[in-house]
1. Check Gly131 against each of (1) small (Gly, Ala, Ser); (2) surrounded by 17 or more Cβ atoms within 10 Å (Cβ to Cβ); (3) assigned to a helix (DSSP H, G or I) and name the one condition it does not meet.
2. Give the number of residues within segment 49-67 that are in contact with a helix residue (DSSP H, G or I) (Cβ under 6 Å, 6 or more places away or on another chain) and of a type in the set (A, V, I, L, M, F, W, C).
3. So how many residues does segment 423-451 have that are surrounded by fewer than 14 Cβ atoms within 10 Å (Cβ to Cβ) and either in contact (Cβ under 8 Å) with a residue 24 or more places away in the chain or in contact with an Asp or Glu (Cβ under 7 Å, 6 or more places away or on another chain) (or both)?
4. Mind counting the residues in segment 254-293 that are closer than 17 Å to Thr150 by Cα and crowded, with 17+ Cβ neighbours inside 10 Å?
5. On the given criteria, is Phe208 over 28 Å from Asn345 (Cβ atoms), free of Cβ contacts under 8 Å to residues at least 60 places away in the same chain, surrounded by fewer than 16 Cβ atoms within 10 Å (Cβ to Cβ) and touching a strand residue (DSSP E or B) at 6+ places or on another chain (Cβ under 9 Å)?
6. Residues Ile106, Ile93: which one is modelled with pLDDT under 95, of a type outside the set (Ser, Thr, Tyr) and over 22 Å from Met299 (Cα atoms)?
7. Residues being among the hydrophobic types (A, V, I, L, M, F, W, C) and assigned to a loop (DSSP other than H, G, I, E, B): count how many of those fall in segment 258-268.
8. Before we move on, is Ala147 buried (at least 20 other Cβ atoms within 10 Å of the Cβ), hydrophobic (A, V, I, L, M, F, W, C) and modelled with pLDDT of 95 or more?
Amino acid sequence: MRVWCRCFVPPNTQQLHPILTALEQAGLDANIHPPTPTEPGLVIFQDIDEDLQTFILTTKQTGVPRILAIGLTRTSLVNGSMWQLLQAGASDILYWDQPEATAQAIAARLTRGQQIDDLLTSPIVCQTIVGRSPMTVTVLRRLIEAAYFTDMTVLLMGESGTGKELAAQLIHALDRRQNKGELAILDCSTIVPELSGSEFFGHERGAFTGAVTPRDGAFALANGGTLFLDEVGELPLSLQGQLLRVIQERSYKRVGGNTWHRTDFRLICATNRDLLQEVTCGRFRRDLYYRIAGELITMPPLRERLDDIIPLAYHFMKAAHPPAHTPPLDDAVKEYLLLRDYPGNIRELRQLITRIMSRHVGDGYVTIGELPAEERPAMYDETNAWCDAAFERAIRQAIALGVGLKDIGRTAENLAVNIAVADAQGNLQRAAAKLKVTDRALQLRRATNAQ
């Protein structure tokens, strides 16, 4: 495998040649100091300094998928410098204290990373999860690694409508178990308490009124496959204990039955609640939480993956417009879709596109006039339309606390800058355009804020 290698060590360092030799023996062809790294690579360092962190940060921002940091001397966690390397974009930090083992570890990590990248562009992934914004790619890599290389329980977190069920489908599809069973889906928020046992365990004939025939529950349906528990935070405490026992013992009895049945499934759970907060409040069992939280993956809201909005819109347009030709979106419609808020996330965007396409006729552009009437903003004064009651309350509170006009203005300006940069996912040019300032003015403002 060909990789690039950037050295942040004194020129007379004697260890560099043995390192390159060991890497070559591990199957890695290291290209020293490439002009513009585009592939996965290594940085070799002796001390963690600003130049090293800046290089990792800027290289990562160009789209390099993985950067492994290789230290010649061990660094303590106490001063936080190792965390800073990870924050800058290093995938991992290894130390060259056991040359052969370290070289093999580097090769193994890079090989796995390449396999993940290959799967990232595979049809099964592209057809399941639409969008390739930086945030989406980061989450997809974690989903692929958990699904393809482990059999861990996965807990999917995130707001409603962020695609947690699609993520569960992808994990099941990438699972490499032989003779894999089905994906059984159970929405815990729709379970009737009186019938909850039957939904999970199944029941025997005559177990309760209306049970005229035996029935398999979720544990039986998921045997050999995957059990996806959506909205797991809605489970009543009594059922949480029963679920924990089945997870631990891999056996259960049907309601009204005396026979033990074995089951073996991969468990995926999803929630839009803060389960740790639910644990603190006594509404969710701590032991169950740590059983289901093997791999924690948060599905980002649509506001954090703006680059995915237009690709998602076209994806939903194809679904709502069966003919082969999908009409293009007018620039004004694109702008509206990008500026609009989506409290319901992807689900809300899909509903909006479906409504737009139900009004569209012909093969021409989808135009702004085809937006549903309720989507059209009322005429307003742009200078103060955004100044709602919540903003006024915040100003009143600041004044009551003795905050001066200058500090109020500075705080509001800093908040606007931070929001714009975050929404633009670090793209300063796009953030500056949103704020209607020059790139230079935005850079100066951020530099002032950092002081």
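The values are calculated or read from the model by the stated rules, or taken from the named source; none is laboratory data. Source: prediction; values computed, not measured. Cβ atoms come from the backbone with ideal geometry, glycine included; neighbour counts cover every protein chain shown.
1. Going through the list (1) small (Gly, Ala, Ser); (2) surrounded by 17 or more Cβ atoms within 10 Å (Cβ to Cβ); (3) assigned to a helix (DSSP H, G or I), Gly131 breaks only (3).
2. Final tally of qualifying residues: 3.
3. So the answer is 3.
4. 7
5. Answer is yes for this residue.
6. Numbers: Ile106 fails: modelled with pLDDT under 95.
Of Ile106, Ile93, the one residue that is modelled with pLDDT under 95, of a type outside the set (Ser, Thr, Tyr) and over 22 Å from Met299 (Cα atoms) is Ile93.
7. Of segment 258-268, the ones among the hydrophobic types (A, V, I, L, M, F, W, C) are 260, 265, 267-268.
Narrowing further to those that are assigned to a loop (DSSP other than H, G, I, E, B): 265.
Number satisfying all stated conditions: 1.
8. Numbers: buried (at least 20 other Cβ atoms within 10 Å of the Cβ): yes; hydrophobic (A, V, I, L, M, F, W, C): yes; modelled with pLDDT of 95 or more: yes.
Answer is yes for this residue.
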